[in-house]
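Notes to accompany the following structure.
The values are calculated or read from the model by the stated rules, or taken from the named source; none is laboratory data. Predicted, not measured: the structure shown is a model, and the values here were computed from it. Neighbour counts are summed over all protein chains in view; Cβ atoms, including those assigned to glycine, are modelled from backbone coordinates with ideal geometry. Surface accessibility is based on the protein's heavy atoms, side chains included, excluding ligands, DNA and RNA. Shrake-Rupley method; radii C 1.70, N 1.55, O 1.52, S 1.80 Å.
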Amino acid sequence: RAKRKGRDAAVLFTKDMAEEASLKLRRSEELRCAVENGEILLHYQPQKNLKTGKIFGVEALARWRHPTEGMISPCSFIPLAEESGLILELGAKVLELACRQARSWQDAGLPALKVAVNMSARQFQDCGLTTLVSDVLAQSGLSPCCLEIEITESLIMQDVDAAVRSMTQLTELGVTLALDDFGTGYSSLSMLKRFPLSKLKIDRSFIAETPTHPDDNAIVSAIISLARTLDMEVLAEGVETEAQADFLLAAGCEAAQGYLIGHPLPPEMVARLLAPSHAKVAPEGRETSGRR
Ligand code: C2E
Ligand code: MG
Ligand code: MG
Ligand code: MG
């Protein structure tokens, strides 16, 4: 009986797995078409200096506008693209869209912004990455100093020497590098020195419980002083409340990103947020003394 039960379970298991595999395959195919058909677009989340009130950058976040299912989150399609290898094409598309958009905001007379683009390990291992980035910059006419590339700890720890090499090449183009979701990975602090990173982005899981949890306050403060020691910029992710913003400013972190400042927005909303006409609506003093 036990044997029989076991066998049924095994049958069920393989059937589920087969179903899942074919579903995944279909989804990958669909995603491949989506990349080709322009269903992948970017929303941009503002990054603000909490002290000056100035929006200095935006992070480009991929969205899949599915014809029947609506907007699909990157959390579901990026891993799929990574598995199937499609991330190379998707990543190139994202880079191109982001650089073109940043340049067109500049052409429209909006204050200069730095655009941050996320990169996957697979893109980073691709030997054509530096060429791709320099080509996209040239074609879009965006200055390299207006592009930031976000990478994660797990990415750089996979092959430290190779990562250092790729990162160095990118910085030689004039692009800057930010370490995303900092604190969630396992990079050793001594390793950090080896990478040409300009910025640490404190993961939002640490920000979430500030300023009420002393442990998180201590971790966030430690990351801020670490960044200072290593001569790096620091930005807090996932800032949702005034209390968090106040805590960060007091702890010495001026740069922030999160729902308090703004959700990821379609490009036309970013333009509205930054347009001089918008700035005029707000009282003069607020731009310089405002907190958000
Ligand atoms: P990430 O790079 O850490 O991006 C930040 C994520 O946190 C975004 O989710 C953003 O919407 C969300 N977020 C921002 N502020 C807040 C906040 O105050 N509270 C909370 N709870 N969440 C906040 P999103 O857009 O769903 O992106 C998720 C992840 O997908 C990104 O995490 C990034 O790892 C990945 N991703 C997005 N676009 C791309 C891309 O073009 N290429 C690659 N390789 N990965 C991407
Ligand atoms: Mg990011
Ligand atoms: Mg992040
Ligand atoms: Mg994150």
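Brief remarks on what is shown
- Its relative contact order, with pairs defined as Cα atoms under 8 Å and 6+ residues apart, puts the chain at 20 percent.
- Neighbours of residue 144 by Cβ distance under 14 Å: Lys/Arg scored +1, Asp/Glu scored -1, total -1.
- The magnitude of the dipole of the stretch 121-194, with charges of +1 and -1 set on the Cβ of Lys/Arg and Asp/Glu and taken from the Cα centre, is near 180 debye.
- Heavy atoms of residue 145: accessible area, 1.4 Å probe, square angstrom to 10: 80
- Here the label points at residue 272 and residue 168, each 7 Å from Cα along the C-beta direction, are separated by 4.7 nm in the simple model.
- Relative contact order (%) - the stretch 165-219, alpha-carbon pairs under 8 angstrom, separation at least six: 33
- Using C-alpha pairs below 8 Å separated by at least 6 residues, the relative contact order for the stretch 134-270 is 18 percent.
- Between the helical axis of 129-140 and the longest alpha-carbon principal axis of the chain there is an angle of about 50 degrees.
- Counting only protein heavy atoms and a 1.4 Å probe, the chain has 52 square angstrom of accessible area per residue.
- Here the chain is treated with +1 on each Lys and Arg Cβ and -1 on each Asp and Glu Cβ, and its dipole about the Cα centre works out to around 440 debye.
- The dipole here belongs to the stretch 36-84: it is taken about the Cα centre, uses +1 on the Cβ of Lys and Arg and -1 on the Cβ of Asp and Glu, and is about 560 debye.
- The chain - percent of accessible surface contributed by carbon and sulfur, probe 1.4 Å: 54
- The longest part of the chain holding none of the exposed loop GluC sites (Glu not before Pro), meaning those outside H, G, I, E and B in DSSP with at most 11 other Cβ atoms within 10 Å, is 70-283.
- Compared with the dominant Cα axis of the chain, that is its longest principal axis, helix 2-36 is turned about 50°.
- Solvent-accessible area of residue 184 with every protein chain in place, 1.4 Å probe, in Å² to the nearest 10: 80
- Residue 86 sits among other residues whose Cβ lies under 15 Å from its own Cβ, and their net charge, with Lys and Arg +1 and Asp and Glu -1, is -2.
- Residue 25/residue 96 FRET efficiency (R0 35 Å; Cβ-Cβ; nearest 0.05): 0.85
- Solvent-accessible surface (1.4 angstrom probe) belonging to residue 16, in square angstrom, nearest 10: 90
- Principal-axis tilt of helix 214-229 within the chain, Cα atoms, nearest 10 degrees: 70
- Accessible surface, 1.4 Å probe, highest first, among residues 177, 23, 249, 88: 23, 88, 249, 177
- When the Cα gyration tensor is reduced to axis lengths a ≥ b ≥ c, the ratio a/c stays below 1.5 for the stretch 56-211, which is therefore classed as rounded.
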